[in-house]
1. Diagonalise the Cα gyration tensor of region B:211-259 and give the resulting equivalent ellipsoid semi-axes, square root of 5 times each eigenvalue, largest first, whole Å.
2. Looking at this model, which pairs from A:K85/B:K70; B:K245/B:K272; B:K154/B:K183; A:K90/B:K183 are more than 21 angstrom apart at the alpha-carbon?
3. At the nearest 100 Å², what buried accessible area, both sides summed, do you get for A and B when the probe is 1.4 Å?
4. Just tell me which lysines come within less than 20 Å, Cα to Cα, of B:K166; anything on the same chain fewer than 8 places away is out.
5. If one computes the Cα centroid of region A:66-99 and of region B:115-173, what distance in Å separates the two points?
6. Give the carbon-plus-sulfur fraction of the accessible surface of chain B in %, rounded to a whole number; probe 1.4 Å, heavy atoms of protein chains only.
7. Which FRET efficiency value, to the nearest 0.05, is calculated for A:E146 and B:H29 with the Förster distance at 51 angstrom and r the Cβ-Cβ distance?
8. Tell me, what is the per residue accessible area of region B:1-111 in Å², probe radius 1.4 Å?
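The values are calculated or read from the model by the stated rules, or taken from the named source; none is laboratory data. The model shown is predicted, which means the values in this text are computed figures rather than measured ones. Here the Cβ positions follow ideal geometry from the backbone for every residue, glycine too, while neighbour counts run over all protein chains shown. Note: accessible area is taken over every heavy atom of the protein model, side chains too, but ligands, DNA and RNA are not part of it. Shrake-Rupley method; radii C 1.70, N 1.55, O 1.52, S 1.80 Å.
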Amino acid sequence: MLTRNQWLAVAGVATIALVLIIASLSWSPNPGPGPNPPAPPTPDVVVPIKEAGFRVLVVYESADGTPSQVNGAEVRGYLNSHCVKGPDGKTPDYRVWDQDVDLTNASRYFVEAMLRPRASLPWVMISDGKRGYEGPLPATSAEVLELLKKYGGA
Amino acid sequence: MTVQRSQFELIIDDDNWREFAGDVIIDGHIMSRGCIPRDYSVQPFGMNAKPFDPKDIKLIPRNEWSSRIKDKQQEQSQLSDFRLRANNGEMFDALDQNGQGYCWSYSTAGCAMLARAVANEPHVRFSAHAPACIIKNFRDQGGWGALSLDFWLKRGCPTVEFWPEKSMKPQYDNAATWENAAKYKITEGWTDLTRQAYDRELTQDQVMSCLLQNIPVVGDFNWWGHSVALMDAIEYDTSLPLSDKNRWGVRLLNSWSNRWSDRGMGLLRGTKAIPNGAVALRVGMAA
């Protein structure tokens, strides 16, 4: 016959065992997302020129002169080799425009890009149709080139 | 300092200009010119183009010219550099006005082609005979650069696909031609540079300022009887004072085909580099 203390000890062990059994039955490594999980947050995606293909638009005020940082052979060479061809099938599709340029005959996607708000001049819009950049034109040709390569590749 | 792009590039200055003021013969042909002094009673200063205003075009001080010229040469960002790669990476051919005296229309067309190159608009070849033929009713008569710009404001200029180069045939004066021409109208953006005969220094400053900012200039030269497209600001001799006209000059794009001088480009120096009349193209048209 067990003593009271022995019975208490057996009961305690039994209780612990029971708790462990119940815990093992309820544990699950992956509860699952549920029927309608919340969408994860995504970073802001800027697409200033809404057409597939790498394109660039520089806008400036002619009273300040054409921005010299986009006129050199290196930057122009990069644009010529990396931008898709325009509607004529020959001309690399980038433009360097005064903010008051007449857009009557311009491509629709460039017109739409010109209508986007600009905080300052000169301004640059870079896009491949899925992602891009818009902001102040960097001050040097080296910085412009670096920015272009970020979206257009090496 | 290297000024000439090649050994073939002519330099016309105050010592040798008489050699070039007379007949110039290329491949057995006397090259046409046709520029006459602007008649301000017909086309007053500022009539079709806004007078030069430093608020619209920055006037660059002379003490900055040297460093800016060096930078542009090093970066290959002069208008002549654009001309040399404007046709999908290749040079576009110089226009060829021969044999009508329509230089005053060709200089404007040349400037428009250069401005398009800076903006990276598709390269087109303008038919400068078209505006001149209409203005002069198909007569071979002289004019001045600003005269043709009035036409560009109202009707534009067709490409050679619609009005063949150098054609004097009225059959090309048709609806399709002017529909094409209208695409290239320049509705604003021409600037009339100063014409005061007594202030040639200011004229030189305005012209050089435009060129340093990649703004092509239509330059009319009375000593030459010729109007040409001006492209680059040039520095010849750094030992001379800033105020000395012989320290500076311009590179031009002529309308005598690629066979003149160096691929149609040449240099002017000293007083011969300062035009008697000039208009600048500041804002082109997207097309």
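1. Numbers: eigenvalues 99, 34, 22 Å².
In descending order, the three semi-axes are 22, 13, 11 Å.
2. On the way: A:K85/B:K70 32 Å; B:K245/B:K272 9 Å; B:K154/B:K183 11 Å; A:K90/B:K183 19 Å.
Where the Cα-Cα span goes over 21 Å, the pairs concerned are A:K85/B:K70.
3. On the way: alone 10130 and 11890 Å², together 19920 Å².
Roughly 2100 Å² of accessible surface disappears when A and B pair.
4. The reachable lysines, counting only those whose Cα sits under 20 Å from B:K166, are B:K136.
5. 26 Å
6. On the way: 5140 of 10820 Å².
Of all accessible area on chain B, carbon and sulfur atoms account for 48 percent.
7. Values: r = 51 Å, r/R0 = 1.00.
Result of the calculation: an efficiency of 0.50.
8. Numbers: 5450 Å² over 111 residues.
With all protein chains present, region B:1-111 gives 49 Å² per residue.
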